[in-house]
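Derivation of every value follows stated rules applied to the coordinates shown; laboratory data play no part. Since the structure is predicted, the reported quantities are computational estimates derived from the model, not experimental observations. Using ideal geometry, Cβ is built from the backbone for each residue, glycine included, and neighbour counts are taken over all protein chains shown.
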Amino acid sequence: MLRESLGNRSKMALNDAAPPRDRVGHGAHPPHPKWPGNARLAVNFVINYEEGSEYSVGHGDGFDEGTLTDLGQFAVPYGEPDMAARSLFEYGSRVGFWRLWRLFNDRELPVTVFGCDQALERNSEVALAIAESNHDVCCHGWRWIEHSRLSEDEEREHIRLAIASFENTLGARPLRWYCRSGRSVNTRRLLTEEGGFLYDSDAYNDELPYWTQVDHTPHLVVPYSLTNNDGQFTRGPVAHGEDFYRFIVDSFDMLRAEGEHQPKMMSIGTHCRLIGHPARAAGLARVLDYMQQFDDVWFTHRIDIAKHWRRLFPAEQS
């Protein structure tokens, strides 16, 4: 009786806010994902390519972005160009991207690029390298801005512009989506309305994909992570490459151990202007070399996780 009562209360709680929230998810007994090769863990690395799409005085935003750089606080008055911030972002596109690109390619490891469209438009060499590779690329928005600040009509237009730009730059329309700092209350509905996306990663709430309903339409979510992420260098206890190595390897080891009975997925996020610097990249290199010792891990593109989940766990029609 108690179990039934608690279950009913949990279901009622899903309706206590707009938009509704699911605090239960897969619960105590998540599905066995049956990863290829009976892998204990699916690992997906992400390179966020954002340099050139950030807030800037030149875009009419009133300030130059310094987020996820070594700059720290704004150093110039609002409305004035911040040449240091600009230079740090330029490092990401000029140097950091290529260092990360080599780390993954030299080890023949798959990686997913979260690419902002304006950033790719502004560096044709990077865009060409991505387009000509076998790597996965996910649309990271038209610009690297918070969609929660946009009106519904503005966000709809941003999605339209993102699709057009992505197709023009990379030669195919985007099938995946992830916007900065999570979605707005409208994002998922607008993606479903557009109809061409296989999944979004605008969630940090699970270690397995899951289906959700958007206006009675099934929509797949492949959660991302801000925890297993080099953003820890700017907001957490991670100070140098060895810290990053230890943090990520601890997560990997625990998930892999749990994977004997309950396999999960692990997303690891990187940024060209942050972990692209040598001392931090050295920590990432050690992470890659450590993980590659194990033959019971599925290193994969994000789109392949989504396709695998769709095949084994098709959506239930409402």
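Key figures
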{"read-out": "Point-to-point label distance, Asp304-Arg122, nm (Cα→Cβ direction, 7 Å offset)", "value": "3.3"}
{"read-out": "Spin-label pair Tyr204/Asp295, simplified geometry with 7 Å Cα→Cβ offset, distance in nm", "value": "3.7"}
{"read-out": "Thr217/Val185 FRET efficiency (R0 25 Å; Cβ-Cβ; nearest 0.05)", "value": "0.90"}
{"read-out": "Prolate/oblate/rounded label for segment 152-309 (Cα gyration tensor, a/c 1.5)", "value": "prolate"}
{"read-out": "Net +/- balance of residues flanking Arg176 in space, Cβ distance below 10 Å, scoring K and R +1, D and E -1", "value": "-1"}
{"read-out": "Ranked by how many other beta carbons lie within 10 Å on average, peptides 287-300, 47-60 from highest", "value": "47-60, 287-300"}
{"read-out": "Sorted by Cβ neighbour density within 10 Å, fewest at the top, the residues Thr270, Thr234, Thr69", "value": "Thr234, Thr69, Thr270"}
{"read-out": "Lys, Arg +1 and Asp, Glu -1 on Cβ, resulting dipole of the chain about Cα centre, debye, nearest 20", "value": "780"}
{"read-out": "Computed over the chain: relative contact order in percent, which uses C-alpha pairs under 8 Å that are six or more apart", "value": "26"}
{"read-out": "Net charge contributed by nearby residues that have their C-beta within less than 15 Å of Arg99 (K/R +1, D/E -1)", "value": "+1"}
{"read-out": "Contour minus Cα-Cα distance for Glu90 and Ala279 (0.36 nm per residue)", "value": "66.2 nm"}
